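Everything below concerns the one structure shown next.
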Amino acid sequence: MNILLWHVHGSWTTSFVQGKHRYLVPVNAARDEWGRGRARTFPWPDSVEEMPLDQIRDVDVAIAQRPEELDLIPPHVPVIYVEHNTPKGDVPETRHPLADRDDVLIAHVTHFNELFWDCGETRTTVIEHGVVEPAARWTGELDRLAIVTNEPVRRGRVTGTDLFGRFAGVAPVDVFGMGVSGLTGVTAHEDLPQRDMHAAVAQRRAYLHLCRWTSLGLSLIEAMQMGMPVLALATTEAIAAVPPDAGVLSTRVSTLVEAAQWLIDEPEEAARLGARARQVALARYGLDRFLADWDRLLEEETCGSR
């Protein structure tokens, strides 16, 4: 199939474009949010082709990720809208911007998101994340803690930025991602290439997932697949992704701080939890399952539109 999609979410797209299709990604001279083209820091296959939107032809299906994209998609092309995010605002009553439409299917990335978004009569489904297994493997050789998140300065409490300092009292905290340069009290690593980031994260003793209100982070799954023990807030989909024998989850921050000290002091226990985390993440969030789920959905939607 020829699939039109914009480069919006680099990590998710890296998994999605590993499939058997041709992926057409809009690009413009500014390489801005409407025309980023191919990724610069993620490994994408040659089947991903960047070109100006007005030159993209013969589209079989479009993957939208922002409401504004729907007006840019050629007419009569089936549309699957991937909802990456948890709802904002008055959460129990939050209406999805594409609620009550009959011309689109909303594919949520977690069951938590499907539960909390009010999509009205719009058709919905869930395709859980799948990730390209990182090449790095956990060593935990450094008595340090790792966080991977984007724009923690701007997003603040959403990403748990106010909690970072609580853990810095246990061990140095390294924060990797985009928009991390303004952080204080931790060591920031700004937008490293994915492979380099994985190698560095895998050296840290444990992975911290401190997001209060966000969809399930792909970096959390990647850390688990590398064999890292996880310390996470028991919020949103994390409680389904991390079983008790693969890490420590709690809504009590002091419990996670104590667990961080435990793993710093007991590297053998960190290895035990990490081994289980890897086993679980490979089984549930493997790339083969993810691509197979998407192939089924793409086939259903394109056949149904003919």
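The values are calculated or read from the model by the stated rules, or taken from the named source; none is laboratory data. As the structure is a computational prediction, the values presented were derived from the model and not from experiment. Every residue, glycine as well, gets a Cβ built from its backbone with ideal geometry; the counts of neighbours run over all protein chains shown. When the accessible area is computed, the model is the full protein with side chains, heavy atoms only, and any ligands, DNA or RNA have been set aside. Shrake-Rupley method; radii C 1.70, N 1.55, O 1.52, S 1.80 Å.
A simple count of charges around Ser15, restricted to other residues whose Cβ falls under 12 Å of its Cβ and scoring Lys, Arg +1 and Asp, Glu -1, yields -4. Rounded to the nearest 20, the Cβ-based charge dipole of the chain about its Cα centre (Lys and Arg +1, Asp and Glu -1) stands at 680 debye. Label-to-label distance, Asp118 versus Val153, with points set 7 angstrom from Cα along the beta-carbon direction: 3.7 nm. Taking a Cβ cut-off of under 13 Å around Arg289, the surrounding Lys, Arg, Asp and Glu residues balance to a net charge of -3, with basic ones at +1 and acidic ones at -1. Ile127 sits with roughly 10 Å² accessible to a 1.4 Å probe, with DNA, RNA and ligands left out of the calculation. With the Cα gyration tensor of the chain giving a ≥ b ≥ c as the square roots of its eigenvalues, does the rule (a/c under 1.5 for rounded; else a/b larger than b/c for prolate; else oblate) give rounded, prolate or oblate? Cα axes put the chain in the prolate bin.
Here the dipole of segment 222-306 is about 100 debye; that uses its Cα centre as origin and unit charges on the Cβ of Lys and Arg (positive) and Asp and Glu (negative).
The protection proxy used here, the mean number of other Cβ atoms lying within 10 Å of each residue, ranks peptides 187-198, 135-146 as follows, highest first: 135-146, 187-198. Surface calculation, 1.4 Å probe, protein heavy atoms: Val173 sits at approximately 0 Å² accessible. In the context of the full set of protein chains, the chain has a per residue accessible area of 44 Å² (1.4 Å probe). Accessible surface of segment 8-138, 1.4 Å probe: 47 percent of it comes from carbon and sulfur atoms. Using bins of 10 Å that start at zero, the share of Cα-Cα pairs per bin across segment 28-114 amounts to 13, 40, 34, 13, 1, in whole %. Sorting Met226, Met51 by solvent-accessible area of protein heavy atoms yields Met51, Met226, largest first, with a 1.4 Å probe.
So the label point goes 7 Å from the Cα of Asp245 along Cα→C-beta, right? Which residues of segment 208-233 then have their backbone N under 16 Å from it? Once the point is set 7 Å along Cα→Cβ of Asp245, 229-230 turn out to lie under 16 Å by backbone N, inside segment 208-233.
Annotation for segment 5-24 versus segment 78-144: alpha-carbon center distance of 16 Å. Mean sequence separation of contacting Cα pairs (under 8 Å, at least six apart), scaled by the length of the chain, corresponds to a relative contact order of 15 percent.
In this rough spin-label picture, where each label sits 7 Å from Cα along the Cβ direction, the Leu142-Lys20 distance is 4.1 nm.
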